[in-house]
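To keep things clear, I will list the structure first and then write my remarks on it.
Computed from the coordinates by the stated procedures, all read-outs in this text should not be read as laboratory data. Quick caveat: nothing in here was measured; it's all calculated off a predicted structure. Heads up, the Cβs are rebuilt from the backbone with ideal geometry, glycines too, and the neighbour counts pull from every protein chain shown.
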């Protein structure tokens, strides 16, 4: 790292410290939630749960059925970054295929 000069003194750039609240937030587990919609086929939802969230087929069907019956269902509990990445992948796949499939994440209490 190159040092900056102020007059004849060499001054190192300030060190950035991570925000402890941000670290705690990142380390907390996050719940991924599937939201029911009236358009995305059940078979498609099941395949996305299997392919993107790595659920077994039986678990994928169970989660899809729970969301269909009650409006929403927990898919998985993951670290925040991983939850965000998997949700983004699922949304991109669904939008690319023309479906409004929707997931959210929420912190686990």
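Out of (1) in contact (Cβ under 8 Å) with a residue 12 or more places away in the chain; (2) under 21 Å from residue 108 (Cα atoms), the odd one out for residue 46 is which?
Here residue 46 clears every test but (2).
Looking at region 70-98, which of its residues are more than 9 Å from residue 30 (Cβ to Cβ) and free of Cβ contacts under 8 Å to residues at least 40 places away in the same chain?
Of everything in region 70-98, those that are more than 9 Å from residue 30 (Cβ to Cβ) and free of Cβ contacts under 8 Å to residues at least 40 places away in the same chain turn out to be 70, 71, 72, 85, 88, 89, 91, 92, 95, 96, 98.
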